[in-house]
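*Asks:* Here it is, the structure in full.
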Amino acid sequence: MSDLPLRSQLAVALGRTAARMSRLAGKGDGSVIGGRIGLRLDPELLTRLAKDRKLVLVSATNGKTTTTRLITSAMAPLGEIATNAFGANMPTGHVSALASAPGARYGVLECDEKYVPMVLKETGANVVALMNLSRDQMDRAAEIWLLAGKWRRALEASPQSHVIANCDDPLVTWGAATAKSVTWVAAGQHWREDSWCCPECGGPLDRQGGEEDSDWRCRQCHFARPRPDWVLRGDTVVAPDGRAVPLAQLQLPGRANRSNAAMALAVVAQFGVPPEQALPALAQVKSVAGRYTTVEAQGRELRLLLSKNPAGWLEAFDVLAPAPGPVALSINAQGPDGRDTSWLWDVDYRILRGRPVWATGERRVDLAARLEAADVAFTLVDDIEQAVTAVPPGRLDVIANYTAFQDIRTRYGRAL
């Protein structure tokens with residue numbers, strides 16, 4: 001840190017002070033306000049803080065916070081890692097993460113999809129991990145084909161960056177295809193409703209196989225699934241040398257987290273961490289920023305699941321307790337969530353039939369209309385507490401979008 005210009009040192013110091021005051025005031029972990037002040041005083045602070053570090057950028061619509069945590073855990077033997085562990089995934093959060101670990105040679109940064117080009121240009125990241133693209137906050141981030149196009153241009157202009165990309169997602173494949181060097185991971189694609197057309201020519205994509213061991217190609221042009229280097233098959237990841245790496249030790253549930261783990265293994269291998277060394281570290285991760293955490297409340301066990309978009313809801317349904325286990329659903333539409341709730345109609349809620357379901361959150365009436373259309377019986381409540389007290393002692397799965405999730409997490413304890 002001492003080799004920074006005086007202006008940058010002052011920006012870092014004032015940013016840290018602001019972050020500390022924010023934490024003391026109970027306004028969060030302070031990473032956003034700290035980074036904002038730092039960048040206001042020195043607009044080139046991110047570039048300066050990234051200099052001489054080996055950086056990984058992790059981006060996706062779903063799973064980037066979890067995958068960032070997995071990569072960070074697996075890289076721990078290499079030394080101190082600078083990371084934005086709590087999901088502040090825009091430049092302000094990146095500045096705070098790097099400033100808080102001035103001696104860290106490595107950095108693993110979750111990056112909002114929209115900000116990948118900017119952050120890549122300013123940091124020159126060594127590795128970029130791209131996992132999936134689907135509809136999310138379109139009132140803020142725009143059409144996902146536009147995002148994939150921005151990724152293409154950014155990676156073409158960053159030949160020093162090695163890309164780890166999920167080749168089962170056609171949009172991710174197209175976005176990564178201009179990179180000078182790519183490691184392809186067959187990590188699966190559960191949600192396919194945003195990738196039926198070829199992003200290269202607009203023609204139809206023909207698909208073979210299921211969510212894993214799948215193949216796809218355009219019917220009208222050359223665009224096709226690349227041959228993968230790493231392959232996720234059920235509970236096993238097959239490495240490039242043919243070794244089978246079992247994922248049975250993972251404590252994070254569901255197929256989405258097996259996909260996240262496959263991506264993490266491919267990333268850390270770029271830094272010389274072999275799968276057999278990385279896997280025990282991945283297995284130690286039980287929850288991420290409150291996701292999958294179980295908290296006690298009035299004799300009930302609440303398991304918190306975050307779902308921000310149609311693809312995320314599909315992942316949450318995959319890890320629900322067996323029917324007829326009760327479920328509480330909470331939907332807000334604040335700035336971080338996206339103001340438009342029309343995406344609720346893209347989620348197939350019929351899987352909840354036969355369960356006790358409670359609907360709450362600021363936009364509970366929108367949610368209620370969707371559940372009624374899906375012929376799902378539910379109880380509309382004004383507050384999550386009403387759902388908790390209505391459930392008999394035992395387990396309750398709670399699925400919420402971003403700000404609703406944070407509200408519930410704050411109320412019942414911010415366990416990580």
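*Asks:* Can you work out which of the residues in segment 217-233 that are in contact with a Cys (Cβ under 9 Å, 6 or more places away or on another chain) and hydrophobic (A, V, I, L, M, F, W, C) is surrounded by the fewest Cβ atoms within 10 Å (Cβ to Cβ)?
*Replies:* Cys221
*Asks:* Does Phe317 satisfy the criteria of being crowded, with 21+ Cβ neighbours inside 10 Å and not in a strand (DSSP E or B)?
*Replies:* On the way: crowded, with 21+ Cβ neighbours inside 10 Å: no; not in a strand (DSSP E or B): yes.
No; evaluated as a whole, the condition is false for this residue.
*Asks:* Restricting to segment 346-374, what's the tally of residues that are out of contact with any helix residue (DSSP H, G or I) (no Cβ under 7 Å at 6 or more places or on another chain) and acidic (Asp, Glu)?
*Replies:* Total satisfying the criteria: 3.
*Asks:* Please work out if Ala157 is modelled with pLDDT under 95, of a type in the set (Gly, Ala, Ser) and open to solvent by 30 Å² or more (accessible area, probe 1.4 Å). Step through it out loud before you land on a result.
*Replies:* Numbers: modelled with pLDDT under 95: no; of a type in the set (Gly, Ala, Ser): yes; open to solvent by 30 Å² or more (accessible area, probe 1.4 Å): yes.
So Ala157 does not fit the description; no.
*Asks:* Inspect segment 97-105 for any residue being under 23 Å from Leu265 (Cα atoms), surrounded by fewer than 24 Cβ atoms within 10 Å (Cβ to Cβ) and either modelled with pLDDT of 95 or more or out of contact with any Leu (no Cβ under 8 Å at 6 or more places or on another chain) (or both) and give the result as yes or no.
*Replies:* The answer is yes, given that some residue of segment 97-105 is under 23 Å from Leu265 (Cα atoms), surrounded by fewer than 24 Cβ atoms within 10 Å (Cβ to Cβ) and either modelled with pLDDT of 95 or more or out of contact with any Leu (no Cβ under 8 Å at 6 or more places or on another chain) (or both).
To keep it simple, each residue is scored yes or no on (1) hydroxyl-bearing (Ser, Thr, Tyr); (2) more than 23 Å from Pro310 (Cα to Cα).
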site: Thr83; (1), (2): yes, yes
site: Thr92; (1), (2): yes, yes
site: Arg105; (1), (2): no, yes
site: Gly124; (1), (2): no, yes
site: Val127; (1), (2): no, yes
site: Met131; (1), (2): no, no
site: Arg135; (1), (2): no, no
site: Glu156; (1), (2): no, yes
site: Pro159; (1), (2): no, yes
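*Asks:* Do any helices (runs of 4 or more DSSP H) entirely within segment 42-125 hold 1 or more residues that are of a type in the set (Gly, Ala, Ser) and touching a residue at least 12 places away in the same chain (Cβ under 8 Å), and if so, which?
*Replies:* Numbers: elements: 45-50, 64-74, 91-99, 116-123.
Because the criterion is at least 1 residues that are of a type in the set (Gly, Ala, Ser) and touching a residue at least 12 places away in the same chain (Cβ under 8 Å), the helices (runs of 4 or more DSSP H) in segment 42-125 that meet it are 45-50, 64-74, 91-99.
*Asks:* Considering only segment 204-211, I want to know if a residue exists there that is surrounded by fewer than 19 Cβ atoms within 10 Å (Cβ to Cβ), over 26 Å from Gly335 (Cα atoms), within 20 Å of the chain's Cα centre (by Cα) and not β-branched (Val, Ile, Thr). Give the derivation first.
*Replies:* Going residue by residue through segment 204-211, those that are surrounded by fewer than 19 Cβ atoms within 10 Å (Cβ to Cβ) are 204, 206-211.
Going one step further and asking which of them are over 26 Å from Gly335 (Cα atoms), we end up with 204, 206-211.
Restricting the remaining residues to those that are within 20 Å of the chain's Cα centre (by Cα) gives 211.
Within this subset, residues satisfying the condition of being not β-branched (Val, Ile, Thr) are 211.
Yes, segment 204-211 contains a residue that is surrounded by fewer than 19 Cβ atoms within 10 Å (Cβ to Cβ), over 26 Å from Gly335 (Cα atoms), within 20 Å of the chain's Cα centre (by Cα) and not β-branched (Val, Ile, Thr).
The values are calculated or read from the model by the stated rules, or taken from the named source; none is laboratory data. Model, not experiment: these values are computed from the prediction. Quick reminder, even Gly has a Cβ in these numbers, built from the backbone with ideal geometry, and neighbours come from all protein chains shown. Side chains are part of the model used for accessible areas, which takes the heavy atoms of the whole protein and leaves out ligands, DNA and RNA. Shrake-Rupley method; radii C 1.70, N 1.55, O 1.52, S 1.80 Å.
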